[in-house]
Amino acid sequence: MSTIIWRNVGEYTHFLNCVNGHIVSFKVDSAEAKKIINNPNHYEFDCEAEKVFRTTGNQYNSRLCRGNLIKLGLEFKFPTIVNIELSRRCSLRCIHCYIGNKNLSSSELSVFEKMDDCNIDGFLKKLKDLGVFLVVITGGEPFISKKLQNFLRIATEKGFLIEIFSNLQNLPDWFLRNKYEDFRIGRIQTSIYSSIFKIHDEITKSAGSLKRNLKNLNLLIKNGYFVEVATPLMRKNIISWERTKFFFEEKKISQNFSWPIADEYYGTKKKSSLNIFGQSFSHFIEKNLDFLLEKKCFESDEYICEAEKAIFAVSATGDVFPCSQMPLPVGNICNKKIKDIIYGKDMSKIGSLKWKDVLKEKVFNFCPGINYTDAGDVLIKPKHMFGAIATLNNKMERR
């Protein structure tokens, strides 16, 4: 299976190396692009193209691709990454989950689970025509869905790079039977809240969940997959963040922290009380200075983020969001063409947000999606986040 995938959008064809993440763009049509892919040795390439066509490897790594795909989408003005919420069902009931228990336990099939192979193929073709390279399959828990195997197979056949976000409580037999080369999976991400079993299992509300997670995580690594651990910070696990970081550093497994915890997207419960602030947050920041990113150029015409322009998301009900962290529907694939939604006026409103639209105040880790979920306005930070960062401002200014 080729490690190089390509998209023809307008006058240009863009080639992505799924191993090293490098991208090169040529002003050629689809016919010429196929010739390049089939016979790269017949062409003379410059240094950048060499990195795409001459570099080989054994492991797909979408983490290396993400930044370049976002840059490509912003420069050429087409979406390169999509998040697909395959199902909202899940085997865990994590205390911070944004989905809500009603949806997590629902037996209702998602829009995608109702699709047959022909419909899945047609939907993915539309994404490919838009220019999407990377399909991120999320949930709920994707491995619960009987349609995941079909999605992986068809997406691979159509030349997509794939990511899966999973709780890794159970890997089905069909997945374990497949060879690494059968699917073009560039990353499998899982959430581990603490390396201390008691803390992790209390957050998931499932005894033995960390043990199952680590067992399957190690199995994936053994089978050749690039895996990554996400650790959302909250009051329940902040005491163990250093131990957790060291645990994965020792195992040489990529791990990163995230903050804040957002309110439920589809439910009504507020989750801000789970967030860390004060001394515990200050201690974390003092040892992770790069975690807070400050924005200073408020008058610029620079776009706030890549939502709508390079990325978008589709929920289990078919609603299209500007990004996976902004549950603000701008259309639904059940009653409107995906292309019309992506380039429609409702989506463009979100994509037009610029830094000059933001109030002139110190801004750290500004996210329109979290703003919308917790404060109801894409340009206003939620109070709990503003308060936590305000405390840090004084300390940072005294340094």
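Placing unit charges on C-beta atoms (Lys and Arg positive, Asp and Glu negative, everything else neutral), compute the dipole magnitude of the chain about its Cα centre in debye, rounded to 20. Can you show the working numbers first?
Values: 59 positive and 45 negative charges, 203 e Å.
Roughly 980 debye, rounded to the nearest 20.
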Would you list, by chain and number, the aspartates and glutamates whose Cα falls below 17 Å from the Cα of residue 179, excluding same-chain residues fewer than 8 positions away?
157, 163
What fraction of the DSSP beta bridges in the chain is antiparallel, stated in percent and rounded to the nearest 5?
40
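When only DSSP loop residues count, what trypsin sites (Lys or Arg not before Pro) in the stretch 278-358 have their Cβ near at most 14 other Cβ atoms within 10 Å?
Working: sites: 287, 295, 296, 309, 336, 337, 339, 345, 349, 354, 356; in loops: 296, 309, 336, 337.
Here the trypsin sites (Lys or Arg not before Pro) that fit, given the DSSP loop and packing criteria, are 296, 336, 337.
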At most 12 other Cβ atoms within 10 Å and a DSSP loop assignment: could you name the trypsin sites (Lys or Arg not before Pro) in the stretch 41-150 that fit?
54, 114, 146
What area, in nm² and to one decimal, does the C-alpha convex hull of the stretch 203-342 cast on average over all directions?
12.6
Within the stretch 226-292, which chymotrypsin sites (Phe, Trp or Tyr not before Pro) sit in a loop by DSSP and count at most 10 neighbouring Cβ atoms inside 10 Å?
none
Computed accessible area, residue 300, all protein chains, 1.4 angstrom probe, square angstrom:
30
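Which helices, taking whole DSSP H runs in the chain, have alpha carbons extending 18 angstrom or more along the helix axis plus mean Kyte-Doolittle at least 0.0?
Details: long enough: 62-76 (20 Å, 0.23); 117-130 (20 Å, -0.35); 209-222 (20 Å, -0.29); 383-397 (21 Å, -0.27).
In the chain, the long hydrophobic H runs are 62-76.
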Cα gyration tensor shape of the stretch 1-85, rounded if a/c is under 1.5, else prolate or oblate by comparing a/b with b/c
oblate
With an 8 Å Cα cut-off and a minimum separation of 6 or more residues, compute the relative contact order for the stretch 77-236 in percent.
23
Per-bin percent of Cα-Cα distances, the stretch 61-123 [10 Å]:
18, 28, 33, 21, 1
Given Cα pairs under 8 Å that are at least 6 residues apart, what percent is the relative contact order of the stretch 231-350?
15
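Do the sum for the chain: with -39,500 (n - 2.57) for every DSSP H run of n ≥ 4, divided by all residues, what is the mean residue ellipticity at 222 nm, to the nearest 500 deg cm²/dmol?
On the way: 15 runs with 142 residues, N = 399.
Value at 222 nm, helices only, nearest 500: -10000 deg cm²/dmol.
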What base-10 log of the normalised intensity I(q)/I(0) is obtained for the stretch 36-149 from the Debye formula, alpha carbons as equal point scatterers, at q = 0.21 Å⁻¹?
-1.22
Please name which of 289, 368, 56 has its Cα lying farthest along the dipole of the chain towards the positive end, using unit charges on Cβ (Lys, Arg +1; Asp, Glu -1) and the Cα centre as origin.
289
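Relative to the present Cα-Cα distance, how much length would full extension add between residue 252 and residue 291 at 0.36 nm per residue of separation? Mind showing how you got there, number by number?
Numbers: separation 39, 0.36 × 39 = 14.04 nm, distance 2.03 nm.
Full extension from residue 252 to residue 291 adds 12.0 nm.
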At 0.36 nm per residue, and after removing the present C-alpha to C-alpha distance, how many nm does the segment from residue 31 to residue 47 gain when stretched out fully?
3.4 nm
How far is the Cα center of the stretch 325-351 from the Cα center of the stretch 131-191, in Å?
25
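Looking at the chain, which longest stretch skips every one of the GluC sites (Glu not before Pro) that is in a DSSP loop with at most 14 other Cβ atoms within 10 Å, leaving the sites themselves out?
Numbers: sites that count: 11, 44, 108, 299, 302, 361.
Counting at most 14 other Cβ atoms within 10 Å as exposed, the longest clean stretch of the chain is 109-298.
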Principal axis dimensions, largest first and in whole angstrom, of the stretch 130-200 by Cα
43, 28, 20
Quick one: work out the % antiparallel among DSSP beta bridges in the stretch 82-216, nearest 5.
0
Specify which residue in the list 172, 247, 207 is farthest towards the positive end of the charge dipole of the chain, using unit charges on the beta carbon of Lys, Arg (+1) and Asp, Glu (-1), about the Cα centre.
207
Express the relative contact order of the stretch 171-273 as a whole percentage, based on alpha carbon pairs under 8 Å and six or more residues apart in sequence.
26
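The values are calculated or read from the model by the stated rules, or taken from the named source; none is laboratory data. Bear in mind the structure is a predicted one, so any value in this text is a computation, not a measurement. Virtual Cβ from ideal backbone geometry, glycine too; neighbours counted across all protein chains shown. The accessibility values were calculated without ligands, DNA or RNA, using every heavy atom of the protein model including side chains. Shrake-Rupley method; radii C 1.70, N 1.55, O 1.52, S 1.80 Å.
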